[in-house]
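To keep things clear, I will list the structure first and then write my remarks on it.
The values are calculated or read from the model by the stated rules, or taken from the named source; none is laboratory data. Predicted model, so just to flag it, every value in this text is computed and none were measured. Backbone-built Cβ (ideal geometry, glycine too); neighbour counts: all protein chains shown. Just so you know, the surface numbers come from the protein's heavy atoms only, side chains and all, with ligands and any DNA or RNA stripped out. Shrake-Rupley method; radii C 1.70, N 1.55, O 1.52, S 1.80 Å.
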Amino acid sequence: MERFNNKKILLSFLITIPFLFGGFIPNETMMPAFRMKKIVLDAGHGGSDPGNIGSKAREKDINLAVTLLVGKYINENMPDVEVIYTRKDDSFPTLKKRPEIANTNKADLFVSIHSNSAPNRSAFGTETFVMGTKHFEANFDIVKRENSVILLEENYKEEYEGFDPTSPESYMLFNLTQKGFIGNSLSLAEQVETQFRDRVGRKSRGVKQGPFYVLWTPSMPSVLIELGFLSNSSEEQFLMSKQGQEYMASAIFRAIRDYKNSIEVN
Ligand SMILES: [Zn+2]
């Protein structure tokens with residue numbers, strides 16, 4: 001008698017299951033749409049590596065100030081997005097460590113922020129890079145300068161497996177790991193330059209490609225922003241001012257917000 005009851009209970013339970021869970025069985029139409037949840041912000045240089053130096057400004061300080069502001073604006077306006085910094089102070093994460101932080105955290109976006117310099121002091125304007133080797137020769141100076149940071153690391157020969165940032169041949173090693181993300185990277189880069197040009201009134205030198213070490217290994221859309229030239233005195237002054245830093249950071253924030261909206265629609 002008891003056994004019969006157990007069977008009956010079991011049977012009625014089994015019959016009920018589809019009604020209980022039927023509405024919750026995941027199918028394709030119920031899969032959650034893509035949401036950009038994590039951004040890694042990378043303030044270029046730091047610590048013993050000042051980066052480019054103007055008459056007064058050090059690149060590492062400008063990069064950090066603007067990067068922290070971008071993070072602040074994201075936190076204030078996009079509470080569903082987590083901001084992860086490669087550095088929040090005057091420390092020096094290695095070029096290898098920076099994309100590693102993004103990969104370990106499974107970030108959806110990697111944004112590296114830098115300031116430029118050129119022997120020609122009249123050169124000024126912003127540029128945003130995505131990983132690539134198109135017109136590589138034209139940008140070799142800046143690529144070499146940014147990548148040469150690794151020469152400051154003690155065991156760079158072992159760490160970077162013979163990669164020599166000053167030798168064009170070394171760049172043959174760069175493979176196309178970023179290829180799958182090029183469309184999204186370009187889309188963000190375009191929005192950053194549009195914001196700089198149309199909303200902040202900067203001279204945009206455009207979206208470019210370059211084999212930057214930090215853009216090589218991130219497994220997500222990635223850009224490297226050059227805020228302007230510290231070798232140009234008026235641009236240096238602008239980038240050193242609080243207002244200039246706020247304008248540039250708001251522009252980058254709006255570009256990230258527009259990019260997020262554009263990829264989340266689909
Ligand atoms: Zn730099």
Item to check | Per-peptide average of other Cβ atoms within 10 Å, ordering 187-196, 144-153, 243-252 highest first | outcome: 187-196, 243-252, 144-153
Checklist outcome for this item: Amide H proximity to LEU227 below 5 Å, modelled H, separation 5+ or other chain, gives HIS114, SER115, ASN116
Next on the checklist: Over region 176-223, with the other protein chains present, what is the accessible area per residue in square angstrom, probe 1.4 angstrom?
Outcome noted: 43
Checklist entry - Extension gain ARG199-MET172, at 0.36 nm per residue separation less the Cα-Cα distance, in nm? => result 5.9 nm
Checklist entry - Per-residue ellipticity at 222 nm for the chain, helices alone: DSSP H runs ≥ 4 residues times -39500 (n - 2.57), over residue total, nearest 500 deg cm²/dmol? => result -12500 deg cm²/dmol
Item to check | Radius of gyration and maximum dimension Dmax of the chain, Cα, Å | outcome: 23.6, 97
Item to check | Separation between Cα centres of region 137-196 and region 233-254, rounded to whole Å | outcome: 24
Checklist entry - Among SER117, PHE181, ASN147, whose Cα lies farthest out toward the positive end of the dipole of the chain, if unit charges sit on the beta carbon of Lys, Arg (+1) and Asp, Glu (-1)? => result PHE181
Checklist entry - So what J values fall out for region 98-107 if you push phi through Karplus, 6.51 cos²θ - 1.76 cosθ + 1.60 with θ = phi - 60°, rounded to Hz, Gly and Pro as x? => result 4, x, 4, 4, 5, 5, 4, 7, 6, 5
Checklist entry - Under a GNM of the chain (C-alpha, springs under 10 Å), which listed residue has the highest mean-square fluctuation: LYS60, LYS134, LYS37? => result LYS134
Checklist outcome for this item: XL table LYS56/LYS144; LYS106/LYS260; LYS38/LYS203; LYS144/LYS208; LYS134/LYS203; LYS208/LYS260; Cα-Cα > 19 Å flagged, in table order, is LYS56/LYS144; LYS38/LYS203; LYS134/LYS203; LYS208/LYS260
Item to check | Coarse-grained scattering of region 71-168 at q = 0.17, 0.18, 0.22 Å⁻¹, given as base-10 log I(q)/I(0) from a Debye sum over alpha-carbon atoms | outcome: -1.03, -1.12, -1.37
Item to check | Over region 94-133: Rg over Rh, Cα atoms, Kirkwood Rh | outcome: 1.10
Item to check | At 1.567 mPa s and 4 °C, Stokes diffusion of region 162-258 via Kirkwood alpha-carbon radius, µm² per second | outcome: 86
Next on the checklist: From Cα pairs below 8 angstrom and at least 6 apart in sequence, can you work out the relative contact order of the chain, rounded to a whole percent?
Outcome noted: 28
Item to check | region 182-240 - percent of accessible surface contributed by carbon and sulfur, probe 1.4 Å | outcome: 45
Item to check | Inter-site label distance for LEU151 and LYS242 at 7 Å from Cα along Cβ, in nm | outcome: 3.9
Next on the checklist: Which order do the peptides 202-210, 40-48, 85-93, 71-79 come out in when sorted by mean C-beta neighbours inside 10 angstrom, highest first?
Outcome noted: 40-48, 202-210, 85-93, 71-79
Next on the checklist: Against the empirical 2.2 N^0.38 Å scaling, what ratio does the C-alpha Rg of region 97-230 come to?
Outcome noted: 1.04
